[in-house]
1. Can you tell me which residues in the stretch 213-233 are crowded, with 22+ Cβ neighbours inside 10 Å, assigned to a helix (DSSP H, G or I) and touching a residue at least 60 places away in the same chain (Cβ under 8 Å)?
2. Give me a count of the residues in the stretch 345-361 that are more than 16 Å from the ligand (Cβ to nearest atom) and modelled with pLDDT under 90.
3. Scan the stretch 177-222 for residues that are aromatic (Phe, Trp, Tyr) and out of contact with any helix residue (DSSP H, G or I) (no Cβ under 6 Å at 6 or more places or on another chain) and jot them down.
4. Out of 140, 200, 158, which single residue is crowded, with 20+ Cβ neighbours inside 10 Å and not assigned by TED's automatic domain parsing to the domain that holds residue 336?
5. Looking at 31, 15, 85, which one is farther than 30 Å from residue 427 by Cα and either at pLDDT 95 or above or in contact with a Cys (Cβ under 7 Å, 6 or more places away or on another chain) (or both)?
6. Does residue 410 satisfy being of a type outside the set (A, V, I, L, M, F, W, C) and in contact with a Pro (Cβ under 9 Å, 6 or more places away or on another chain)?
7. Need the failing condition index for residue 311 against (1) away from the ligand (no atom under 16 Å from the Cβ); (2) in contact with a helix residue (DSSP H, G or I) (Cβ under 9 Å, 6 or more places away or on another chain), just the number.
8. Specify the residue that is modelled with the highest pLDDT; the eligible residues are those in the stretch 258-291 that are part of a loop (DSSP other than H, G, I, E, B) and within 13 Å of the ligand (Cβ to nearest atom).
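The values are calculated or read from the model by the stated rules, or taken from the named source; none is laboratory data. All figures in this text were calculated on a predicted structure; none of them were measured in a lab. Don't worry about glycine lacking a Cβ; one is built from the backbone with ideal geometry, like all the others, and counts go over all protein chains shown.
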Amino acid sequence: MNPTIVAIATAHGVGSIAIVRLSGADAYAIGLKLSQRPSLTPRYATLTPLYALDDTLIDEALVIYFKNPKSFTGEDVVEFQCHGGMIVADSVLRACVDAGARLAEPGEFSKRAFLNGRLDLTQAEAIASLIEARSDDAARILARQMKGELRGYIESIRDSLLEILAYSEVVIDYAEEDLPLDVVEQIFGKLEKIKQELSRTLESSVRRSGLMQGYRVAIIGKPNVGKSSLLNALLDYERAIVSDIAGTTRDTIEEQVRIGTHLIRLVDTAGIRDAHDEIERIGIERSIEAIENADVVIALFDSSRVIDEEDRSIIELIERYREKKSFISILNKSDLAQSFDTATIEHYNPIRLSCKQDTQALVDTLSTLMDRDNDSQEMMLISQRQITATRETVRAIDEAYEPLHDGELEFFSFHINAAIRSLSSLTRPYELDEMFDKMFGQFCLGK
Ligand code: GDP
């Protein structure tokens with residue numbers, strides 16, 4: 001049997017209350033021992049003194065007993081809501097250990113919840129990420145996933161795949177003849193629908209990944225165009241070294257700043273120039289690297305100067321990446337006399353501003369751009385693990401088409417099996433029994 005575990009569930013430090021949580025077969029007995037009560041009513045908050053094993057009074061606390069299986073972990077759980085600060089919670093924790101509990105490992109409560117079927121992996125991941133959410137919208141998506149939204153979506157697709165697999169297995173085992181053509185068409189149609197749905201989820205999850213991790217915003221532009229000034233204006237304090245000497249900002253600098261409801265990560269890169277020396281070449285490579293790592297790229301142009309080769313290389317980069325990344329173009333230094341041939345970048349709808357005076361127009365554009373991704377109720381994969389597993393599923397479905405077409409059902413089943421396994425790794429492991437249930441339940445073989 002699992003040992004009873006205990007942990008302080010609230011953050012360390014000074015706060016008005018601290019929660020100590022126990023889970024396991026002895027949780028109730030330990031709860032009674034510390035409260036010195038004959039019983040605790042499940043799901044009732046009981047105000048009671050708490051005592052150490054030598055009868056010293058520790059605190060007066062609220063105690064709640066959650067009887068298994070209706071608890072977070074599925075085991076007996078007791079929560080002590082005691083007074084905050086480190087001393088009281090530590091004393092309660094120690095008393096629990098003295099009474100037979102052991103300290104929980106990180107994540108052990110959630111692990112037990114998963115093992116006892118109280119949570120699937122998507123919910124467990126949502127809980128872990130919610131604590132570190134970087135935007136209001138991310139928090140909302142995660143809250144929906146905690147309630148099982150992603151699980152429901154994955155399981156309905158998994159169910160469809162299981163049906164297809166069961167059908168294929170039945171035909172392999174019982175049919176003397178080849179699959180009729182219309183059945184092949186039907187299965188093909190179903191698979192295609194599943195694949196499209198998963199691909200759309202993948203695409204939108206990758207596109208919106210900034211919602212979870214914080215949007216990465218890169219600032220590019222030739223030296224002296226105002227990148228550091230812009231960064232500073234956004235951060236509202238001097239972080240990068242601003243200077244008139246071209247190429248001062250050679251290192252990539254990253255800072256976090258809150259824009260609207262989002263926490264964004266700003267990256268300032270070395271200026272892009274037609275590389276002659278090693279360091280400047282690194283600058284170009286770094287700009288390309290920054291673009292590739294960014295969700296949004298701010299491309300700066302100096303409107304007080306005539307367009308030159310370096311600006312053109314920025315335009316080339318925009319052209320090269322504009323399908324894949326969101327770009328915001330800026331004509332900076334609007335406070336000076338204007339010399340830039342704006343026609344060359346007019347189709348990017350550049351924002352005219354002065355980093356020295358007012359960057360509100362940029363902040364508004366950034367906000368709108370990031371908010372654009374939010375309204376959709378589209379399903380979202382929130383971790384690399386989930387994205388990889390979904391990609392694997394799509395790949396396995398792709399590989400199933402050919403054998404289906406050629407009537408090689410054993411190979412077809414093999415790939416659909418692989419697809420189900422990958423998809424199942426998102427939520428809960430796949431068990432062969434489920435396929436048999438589908439097979440025998442669905443086809444009423446009567447044998
Ligand atoms: P970077 O090399 O692209 O990082 O450019 P900096 O931010 O170091 O700016 C280069 C020079 O342009 C500095 O002297 C800034 O003060 C100046 N500068 C930046 N933005 C503006 C602006 O909007 N108006 C004016 N007049 N000067 C600016």
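1. 227, 230
2. Here is the first cut: in the stretch 345-361, the ones more than 16 Å from the ligand (Cβ to nearest atom) are 345-349.
Still in the list and also modelled with pLDDT under 90: none.
The total comes to 0.
3. First pass over the stretch 177-222, keeping only residues aromatic (Phe, Trp, Tyr): 188, 215.
Answer for the stretch 177-222, where residues must be aromatic (Phe, Trp, Tyr) and out of contact with any helix residue (DSSP H, G or I) (no Cβ under 6 Å at 6 or more places or on another chain): just 188.
4. On the way: 140 fails: crowded, with 20+ Cβ neighbours inside 10 Å; 200 fails: crowded, with 20+ Cβ neighbours inside 10 Å.
Only one candidate qualifies: 158.
5. 31
6. Working: of a type outside the set (A, V, I, L, M, F, W, C): yes; in contact with a Pro (Cβ under 9 Å, 6 or more places away or on another chain): yes.
The answer is yes for residue 410.
7. (1)
8. Going through the stretch 258-291, the residues part of a loop (DSSP other than H, G, I, E, B) turn out to be 260-261, 269-277.
Cutting the leftovers down to within 13 Å of the ligand (Cβ to nearest atom) gives us 269-273.
Values: 269: 56, 270: 49, 271: 41, 272: 40, 273: 39.
Only one residue fits best here, namely 269.
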